[in-house]
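Have a look at the structure below, then the notes.
The values are calculated or read from the model by the stated rules, or taken from the named source; none is laboratory data. The structure displayed is predicted, hence computed values, not measured ones. FYI the Cβ positions are ideal-geometry reconstructions off the backbone, even for glycines, and counts take in every protein chain you see. Note: accessible area is taken over every heavy atom of the protein model, side chains too, but ligands, DNA and RNA are not part of it. Shrake-Rupley method; radii C 1.70, N 1.55, O 1.52, S 1.80 Å.
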Amino acid sequence: MAATAAIHLRPLRSFAFSCARSRSLLHLLARPLSSSQASYAYHPYPSPAAAAPNNVHQPHQQQWAPTRNPSPLGPPPQWPPQGHPSPPHPGNYQQQAPPPPPPPRGYGPPPPQQHVPPPPSGGHGPPPPRGHGPPPPHQHVPPPPPRGYGPPPPHHQGPPPPPPPRGYGPPPPQKQAPPPPSRGYGPPPPQDQAPPPPHGYGPPPPQQHSTPPLPPPEPVAGPGELMGLCREGRVKDAVELLAKGARADPPAFYELAAACSNPKLLEELRKVHDFFLRSPFRGDLRVNNKLLEMYAKCAAMPHARRTFDNMPDRNMDSWHIMIDGYSVNGLGDEALRLFELMKECMAPTSHTYVLVLNACANSEAIEEAFLYFDAMSKDHGIEPGVEHYVGIIEVLGKSGHLNEAMEYIEKLPFEPNAMVWESVLNLARMNGDIDLEDRAEELLVSLDPSKENPKKLPTPPPKRRLGINMLDGRNKLAEYRLPPKIEKKVVNEQRYVPDTRYVLHDIDQEAKEQALLYHSERLAIAYGLISTPARTPLRIIKNLRICGDCHNAIKIMSRIVGRELIVRDNKRFHHFKDGKCSCGDYW
Amino acid sequence: MALSKPLLSRLLPLPLRLRHQLRLLCLATPTPTPTDDTQPPADAAAERRRRKRRLRVEPPLSRGPAPQRAPGAPRSASNPNAPKIPESASVLSGKRLDLHRRILALIRENDLDEAALLTRHSIYSNCRPTVFTCNAVLAALLRQARYADLLSLHRFVTQASVAPTVATYNLLLQAYCDCRRPDAALEHFRLLLKDDSPVLPSPTTYRILARSLAENGKLDQAIELKDGMLERGLVAPDTQVYAFIMGGFVNAGDGDTALSLYGELKEKLGGGPILDGVVYGNLMKGYFLKGMEKEAMDCYEEVLGEGSKVRFSAVSYNMVLDALGRNGRLEDALKLFDRMCMEHDPPKTIAVNLGSFNVMVDAYCRAERFQDAIDVFGKMAEKRCAPDALSYNNLIDWLGKNELVGEAEGLHKEMAERGVNPDEYTYVLLIESCFKVDRVDDAVGYFNGMFDAGLRPNANAFNKVMGGLVKVDRLDEAQGFFDMMTEKEVKPNIASYELLLRAYVDAARLDDAIKIAKGILLDESVVFSDEMKALLEGALEKEGRDGDMTKLYEDVEREKAEAAARAAEEKARAEALAKEEEERKKAEAKAKEEAAARASRAAIEAVLGRKREAENEESADGLSAEEAEVVESNSGTMGVSGEQSEGDEQKRQESVEASLGP
């Protein structure tokens, strides 16, 4: 079977060659890295014309499938004992010319199989690495596939190759479409010319033999490729590649980790971390630090902490990253605890204290901040700099002690500079103190005119008499104007009163009220509210009729949340808005 | 509570970093030992953490599985009812920061309704406002004196379980204090002191309360507050708190307590000179009050002399300035004021503010140098201070009292030009001064001007104008204003009644006097005092109309009874109406039910009839035709009569007809 398939393939293959070869050539020549567009281009390209030939071989491909996709995490890459560049050829090659992936149309040899040293189970004749059975030209083809292969899973199922330049009659437009060239992928012109080896089915031109850079057996994706993918922001693809056994070196791991910069990519980060741990350079400090940093960015401090605890050695940066990570994630207390640990291992630096003060600010630990501030010069001989004073100001301001912060500024041993006022400005904004904001801005601009904000709106004049009138006793206003009545102003207060008539079960009153709370429309609305932006209308669809109690409750809800709630029950629509329903309570 | 004491003391001379001295400064701290210093952060932090743990609030866990939970560690039972710890500053990021910015922009545009509404609406969305955002809106509402809105937003936000920070509490307390309700403020303050409260009071909290209590003369509570502050040690002894309370005692004329408070503060702060200038104004007032002029001036020389390290802000200066001005030291006050103006270097140093000018105006006026007062008032703009209604009122008051009505009126005009809206008090001052110089018509004109300006004078304002009119014997006009009060929905107070009653008695218009007396007796909210009663009785006796008094009482009793009867009648009528309504509703419901029953009966009959008909079809052709006729004639009359039973009849007929039709 395999043999027949191979024979079948022949003519096609030569096609593939011509394309693939030309492309790989181009890569060698032109593009060292970042072949993003190329592989990208392949994605959206399941053209019918290409599909046709593919289908023929579909069954064949499927045979490979099982071996190919081992497990999500993939075969643990086999790390050659001596270090990374074990299979030199592929590595080098790929680093230079990453992933122009003209996946051979329906062409057998599945790349993953190839990197896994143990050859695939017998019987899959044609392409296995060692087989070398297929005709010589064959050989050039393989190298590209693995790379192009990695990223998009769909590829497995028959990634449409670039349309055969001619002969196979792809519709003319498609000819232009062949994505890679048209997308400004490498130097396109040569490509256009390259296809011309349209004598096509004949033996490939001699140069082909000379170029094949490497033996196909180990077309393992290498670090360069991974880094390329990361730089394109295709972390998931990169991780998948890694899962398939691509090798990575410390810089690649660094890049991989650095690419997982938001909480949505936490899973990827963990996988990268896993692979990293299985790699020989799991002790690499730089990568480890990066991992810590990225875990912090992904808001996964427990992971970061575990990593940190297991790190073979840590440097100052590791501690700093951890402390900073805790405080950025709102775990200032943890950060401070860690700092206590740190003091046992190494002497904190001036920067450490900046971070510690920041941690104090994030956990409203005013007292500790002052204690640390004192300890800084006392225990560690670090003279406080402006940034430390600013740190204290932030601690006060972020804990809502703006007045105290201002007092502190008055007592600073130096003339407050722009940095101080900028910090005050931000704190005032944070706390919504307009007057202080204006003052800080004025001071800031007087020190640093470049900070002027031309778009600033004028401040509305205050109504309240601020505490600047020192005329006690003279303020006889109260004699003539009673103090404003407050509290009792609540006019026609509305309140939800559960209406248990609609619970027909024979249970006690409390249980009835409880039962009302779980009516599905309420749950749906509650979920809808917390998962959509403010003031957007919600649409709820319910399969039964809405009960009277829910109707009342939703009317009240619509007023409180200020949204239109559109509820469809099995008979009609109810549009709740501003505490009223379009049905006029008749339904 | 070993926890946060060093807070304010730390704020004081920190830059000097005289740590040892600092420790001494705050008494609440256990005596510092060298060992104490080796791990102080642990101490302070520990208490705070203990507090958090007591609340059983876990720090927000990071997303994703928490890998390291020690296997044996019990899951901390989190109590859903425990007070929540406020969010930390780091939550202000991403979408929530965008929302914050948006709301800040709305506040700048002074569109507070929208800002408050957006905050409320965002509570129930995927982007909850942070507590900082809520605080910003609350602060803006406070700034615009919209207390009711502030309280309602605060309640809403609290109910939506946005955990308040100390800033939130301060805003709330300030709002209550501004409304002169220190008791309500104190109640909320007690929540802060509760053992499980996740937030602790800040020095600002104590200051707000101390100030309000002192201003409202609640000196006992103020002292209690101060003692609580010392005892709990959450904040270090605060000079401002002391200064406010001393001010309260000075105003109450109790110089001794003010001085002893100063001594106490000095002791608490370690015995050295107090470096915050805010106490010295009230201290000097205390000395002056006790006649210790020399001490006062010595103190002045010391803290404001050469080489003094005491820091003065505008407010502290104003206090000293006031102390000088009030005690006849105008020359010193002028010197100090000049110095303040020299130091004033906005935006860097603010040594002069609106209050300084007000104090200077007072000082000049006390020395009867009114032109100087007006001049200094006019100089305000030079120092970038804008006078508000209160400072205008102050000056107008002085001028009016000294019969300089022309100047006062000039100021009133200037107010309009400068866009400062005069308030009721401004008008009342003008009215008073006009009456003083016998320009009665102008006074009445000002009073009427108040309504044109959209102001709402209260009973006291009415009393002023009525009193003025009474004095010049224009009783009828006064009565006119009295009648106007009801028209304007202003409730007259006892002073208004007595004023007129006296006037009528004096003018021997006893009938009118009796009318007023009746008014007093009929008005539930005022009491007819014995003095008034005696006055009226005496007058009546003089005229030999002894019986009138009893008649008056009888009249009143009768009228009261009548009123009561009328009220009872009203009530009965309302009840009857309600009952009627209810019965009508019942009847309707019953009728409806019956109608439904009948309709169904009719339907049944119709079906039966059809059956019968089918049976009788051949034999009774003629009969059925007859029936149809009856139906027609019946339907003709029925539309008019419209009685229920007949209607049903018709329905039945019709349904029969319908069933016959096809």
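Things to note:
- Restraint check, A:K297/A:K456; B:K533/B:K560; A:K398/B:K95; B:K518/B:K560; A:K398/A:K463; B:K268/B:K335, Cα-Cα greater than 21 Å: A:K297/A:K456; A:K398/A:K463; B:K268/B:K335
- Counted over all Cα-Cα pairs of the stretch A:220-309, pairs farther apart than 24 Å make up 9 percent.
- Cα centroid separation, the stretch A:536-571 to the stretch B:265-328 (Å): 66 Å
- Cα gyration tensor category, rounded, prolate or oblate, for the stretch B:478-539 with a/c compared to 1.5: oblate
- Once the 1.4 Å probe is applied to the protein heavy atoms, the stretch A:220-309 comes out at 31 Å² accessible per residue.
- Across the stretch B:316-401, the mean sequence separation of Cα contacts (distance under 8 Å, 6 or more residues apart), normalised by length, yields a relative contact order of 27 percent.
- Against the rule of thumb 2.2 N^0.38 Å, how large the Cα Rg of the stretch A:496-581 comes out: 1.07
- Relative contact order of the stretch B:93-193, taken over Cα pairs closer than 8 Å and 6 or more residues apart, is 22 percent.
- Quarter of Cα convex hull surface for the stretch B:410-515, i.e. mean projection, nm²: 6.6 nm²
- With a threshold of 20 Å on the Cα-Cα distance, the over-threshold entries among B:K401/B:K464; B:K488/B:K551; A:K290/A:K343; B:K401/B:K471; A:K580/B:K586 are B:K488/B:K551; A:K290/A:K343; A:K580/B:K586.
- Contact order normalised by residue count of the stretch A:496-581, Cα under 8 Å, 6+ apart, percent: 26 percent
- Share, in percent, of DSSP beta bridges within the stretch A:496-581 that are antiparallel, nearest 5: 60 percent
- Per residue accessible area of the stretch B:93-193, 1.4 Å probe, in Å²: 35 Å²
- Sorting the Cα pairs of the stretch B:93-193 by distance into bins of 5 Å, from 0 upward, gives 2, 14, 26, 25, 18, 9, 5, 1, 0 percent per bin.
- Distant-in-sequence amide contacts of A:H574, defined by a placed amide H-H separation under 5 Å and a gap of 5 or more residues or a different chain, comprise A:V567, A:R568, A:D569.
- Chains A and B, summed buried accessible surface - 1.4 Å probe, Å², nearest 100: 9300 Å²
- Qualifying GluC sites (Glu not before Pro) in the stretch B:187-259, DSSP loop, other Cβ atoms within 10 Å at most 13: none
- Solvent-accessible area, 1.4 Å probe, carbon plus sulfur percent, for the stretch B:95-149: 50 percent
- Check: the stretch A:220-309 dipole with +1 on Lys, Arg Cβ and -1 on Asp, Glu Cβ, in debye: 180 debye
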